[in-house]
Each structure stands twice: as structure tokens, then as C-alpha cells.
């Protein structure tokens, strides 16, 4: 989605794909929105218990027991490192996966749905509509939260800062972009060859572009899937550069 020209390029844009960890961008938007509305306090502390830990939790596995981490810290962890335990704890504070779906519905996304917790939500079984989105729906929601007025200014800036700080997306869209272009993104991966990347990209000297890439049901190696997504970033750059 080119916010400067209004042009939308798509391939299978209305087909469902597994969300995988791209949902964490929406999860953190939901937390910030709840804080803006006074429904919870993002600075409140959660003490992490051993039984809370699930697979791939590089931040929270080192923080078991007192003093704990704030919900804001947990969102930073899940947005920047894709920490799964952090995502579950934020979801729990919000009321579970259905609350994230509800937040999306309230903000015009009638498609994206979150049904399960980490890591089960990454199963990506073909034909299972749980924990899925479409590329167009995901791109529009990301645009609303990062570039729109859904969130208060401070919260929108915080979400953008977290996504710019993504530490696990270096091999995908980021790898195809020129120096001097900024990107705020979230990646994901799951079963049946699923790989994904949603992003807001700020090309040098022009308005931003919103991208949503979802791949599933492929036997291509992980590195090859990464290269395919990076090539989309590269093609975008070539099309927009003078």
C-alpha cells in the first residue's frame, strides 16, 4: 500500500494465511490502546513464573521471579525479540486472544482473528482459519496503528519505536532495503513452511509504504523463504527509486 499515491499492489491479498508472530504488533497496539483508555496500567508489573514459560522466550526466561517486568517491558520484548511468553502474559492481561480479535474488530478489521496462545497458534494447519489474516487486512491494520489515529500520539510513537527496533527481522524485508530507508516491522514463522513479515517502510524523501507478506504450505528451506521476502523489499526499492 503506497500512502503517497494510494496505489495498492497485491497477490492473493484476500486469501487467509497464518498470522504467526505478526500478531504481536497488533497485540502491543491493543495494550497501548487499553492504557490510553484507562482500562489497564501498562506500567503494572507481572511476576513471571516458571510455569508461564513457553518455547522461544529469550527475554522472559531470564526474568523468572521477582521483581518481574511491566506490561510495557513485556510488549517491548515480544515486539523486538518475538518473546512468546511475553506475548502470552500481555494477552492474559488484556483478557486472552479473543480480546485482541475484539480490538481489531473495533478498529475496522473484520478479518484477522487470534484464537490461541503461543506457541499453539503457530500450527498453521492448512484449512484451519484459526489465527489467520489476509495480507490486505494485516496491512490495513498495521497502517491504522502506526500511521493512523487509533492510538494516542505517544502510544503510536511507542509502537513504532518497538517495531523499528525489531531484532529478528534482519534477513527478510530489511535485507532488501537501501541504506537510509526506515522500517518498522514484525516477522513471524510457523508450521507448514509459514513465514511472514508486515512492515511500514519510509523510503527516503517520500511518504511511507505498508507491506504485508505471508507465505505458507511450502517446502522451501527457511533461508530461501527469507530470501524471497527480502527480494520483495528489493523490488519495492527498485520501483520507487528514481
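The values are calculated or read from the model by the stated rules, or taken from the named source; none is laboratory data. Source: prediction; values computed, not measured. Note: ideal-geometry Cβ built from the backbone for every residue, glycine included; neighbour counts use all protein chains shown.
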Among the listed residues 29, 87, 79, which satisfies the condition of being touching a strand residue (DSSP E or B) at 6+ places or on another chain (Cβ under 9 Å) and either within 19 Å of residue 188 (Cβ to Cβ) or buried (at least 21 other Cβ atoms within 10 Å of the Cβ) (or both)?
79
Inspect all residues belonging to segment 132-149 and state whether any of them is exposed (fewer than 15 other Cβ atoms within 10 Å of the Cβ) and in contact with a strand residue (DSSP E or B) (Cβ under 9 Å, 6 or more places away or on another chain).
no
Test: residue 177 is surrounded by 15 or more Cβ atoms within 10 Å (Cβ to Cβ), at pLDDT below 95 and either in contact with a strand residue (DSSP E or B) (Cβ under 8 Å, 6 or more places away or on another chain) or closer than 18 Å to residue 1 by Cβ (or both):
no
Of all residues in segment 182-201, count the ones that are surrounded by fewer than 20 Cβ atoms within 10 Å (Cβ to Cβ) and touching a strand residue (DSSP E or B) at 6+ places or on another chain (Cβ under 6 Å).
1
Pick from segment 109-127 the residues that are free of Cβ contacts under 8 Å to residues at least 60 places away in the same chain and loosely packed, with under 13 Cβ neighbours inside 10 Å: which of them is nearest to residue 57 (Cα to Cα)?
120
Return yes or no: is residue 164 closer than 17 Å to residue 25 by Cα and free of Cβ contacts under 8 Å to residues at least 24 places away in the same chain?
yes
Long-range neighbours under 9 Å by Cβ, at least six apart or interchain, first residue on the phi > 0 side of the Ramachandran plot within segment 189-200, second part of a strand (DSSP E or B)
192/18; 193/215
Contact list please: Cβ distance under 7 Å, first residue in segment 217-240 and on the phi < 0 side of the Ramachandran plot and exposed (fewer than 13 other Cβ atoms within 10 Å of the Cβ), second residue at pLDDT 95 or above and not in a helix (DSSP H, G or I), pairs at least six apart or on different chains.
219/193
Elements of type helices (runs of 4 or more DSSP H) contained in segment 71-112, each with 1 or more residues being farther than 11 Å from residue 27 by Cα and in contact with a helix residue (DSSP H, G or I) (Cβ under 7 Å, 6 or more places away or on another chain)
71-81, 84-94
Tell me whether segment 34-48 contains one or more residues that are within 26 Å of residue 189 (Cβ to Cβ) and surrounded by fewer than 21 Cβ atoms within 10 Å (Cβ to Cβ).
yes
Name every residue in segment 56-70 that is in a loop (DSSP other than H, G, I, E, B) and surrounded by 24 or more Cβ atoms within 10 Å (Cβ to Cβ), in order of residue number.
57
